[in-house]
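Inspection log for the structure reproduced underneath, given as structure tokens.
The values are calculated or read from the model by the stated rules, or taken from the named source; none is laboratory data. Keep in mind that this is a model prediction, so the values were computed, not measured. Using ideal geometry, Cβ is built from the backbone for each residue, glycine included, and neighbour counts are taken over all protein chains shown.
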Amino acid sequence: MIQVSIIQFEHAKDLPLPRQMSSGASGFDLVAAIDQPFKLEPGKRHLIPTGIACSMPNGIEAQVRPRSGLALKHGVTVLNTPGTIDADYRGEIGVILINHGEEPFLIQRGDRIAQLIFQAISPVELQIVNKLEETMRGAGGFGHTGI
């Protein structure tokens, strides 16, 4: 099991800590730690604070991902999904939400706005070479295999 330490900032002490909403959930729900309701207009984006910071061991990252219900019902999602939180970051976690829907979306204090997933990261060493090994796919990308 991975040990992650969480702190809750003073402006968010009344809000719930991130938690998994079911026994099989992989994500911990993040809530909006805003003082006033915020109207996210269609086509606009905004950084929403969560009121928490975390400390993870090296080799672990946290990913901020959208909540499927917000995406389906309102067209609201995380803009830079997944947002990456590095193991050495100690600041407040923020969520960049964007409204792809047709109606303004009202965000209120304590609303569940995203989910946090913890992921192991393998060490990687880049190696400069003169040529890459050949594969069947080659350089094909962006739908080259059809619909």
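Do we have any residue at all in the stretch 6-17 that's assigned to a loop (DSSP other than H, G, I, E, B) and closer than 30 Å to Val124 by Cα?
Narrowing the stretch 6-17 to residues assigned to a loop (DSSP other than H, G, I, E, B): 9, 13-17.
Right, trim to closer than 30 Å to Val124 by Cα and you get none.
Within the stretch 6-17, none of the residues are assigned to a loop (DSSP other than H, G, I, E, B) and closer than 30 Å to Val124 by Cα.
Under 8 Å by Cβ, and 6 or more places apart or on different chains, what pairs join a residue from the stretch 88-99 that is closer than 17 Å to Ala114 by Cα with one that is among the hydroxyl-bearing types (Ser, Thr, Tyr)?
So the pair list comes out as Glu92/Thr50; Ile93/Thr50; Gly94/Thr50; Val95/Thr50; Leu97/Thr77; Ile98/Thr77.
Counting only residues that are surrounded by 15 or more Cβ atoms within 10 Å (Cβ to Cβ) and under 26 Å from the mean Cα position of the chain (by Cα), give me the strands (runs of 3 or more DSSP E) lying completely in the stretch 87-147 with at least 3 of them. Walk me through how you get there before you give the answer.
Details: elements: 94-99, 105-107, 112-120.
Passing ranges, in order: 94-99, 112-120.
Please tell me if Gly51 is of a type outside the set (A, V, I, L, M, F, W, C), over 22 Å from Ile121 (Cα atoms), out of contact with any Ser or Thr (no Cβ under 6 Å at 6 or more places or on another chain) and without any contact (Cβ under 8 Å) to a residue 24 or more places away in the chain. I'd like the intermediate steps shown before the answer.
Numbers: of a type outside the set (A, V, I, L, M, F, W, C): yes; over 22 Å from Ile121 (Cα atoms): yes; out of contact with any Ser or Thr (no Cβ under 6 Å at 6 or more places or on another chain): yes; without any contact (Cβ under 8 Å) to a residue 24 or more places away in the chain: no.
No; evaluated as a whole, the condition is false for this residue.
Which members of the stretch 72-106 meet the condition of being out of contact with any Pro (no Cβ under 7 Å at 6 or more places or on another chain) and within 12 Å of Ile48 (Cβ to Cβ)?
Val76, Leu79, Gly83, Ile93, Val95, Ile96, Leu97, Ile98, Phe105
Among residues belonging to the stretch 54-86 that are within 22 Å of Glu41 (Cα to Cα) and among the hydroxyl-bearing types (Ser, Thr, Tyr), point out the one that is surrounded by the most Cβ atoms within 10 Å (Cβ to Cβ).
Once the filter is applied, the top-ranked residue is Thr77.
To keep it simple, each residue is scored yes or no on (1) surrounded by fewer than 19 Cβ atoms within 10 Å (Cβ to Cβ); (2) under 14 Å from the mean Cα position of the chain (by Cα); (3) of a type in the set (Ser, Thr, Tyr); (4) modelled with pLDDT of 95 or more.
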{"residue": "Val31", "(1), (2), (3), (4)": "no, yes, no, yes"}
{"residue": "Pro37", "(1), (2), (3), (4)": "yes, no, no, yes"}
{"residue": "Leu47", "(1), (2), (3), (4)": "yes, yes, no, yes"}
{"residue": "Ile52", "(1), (2), (3), (4)": "no, yes, no, yes"}
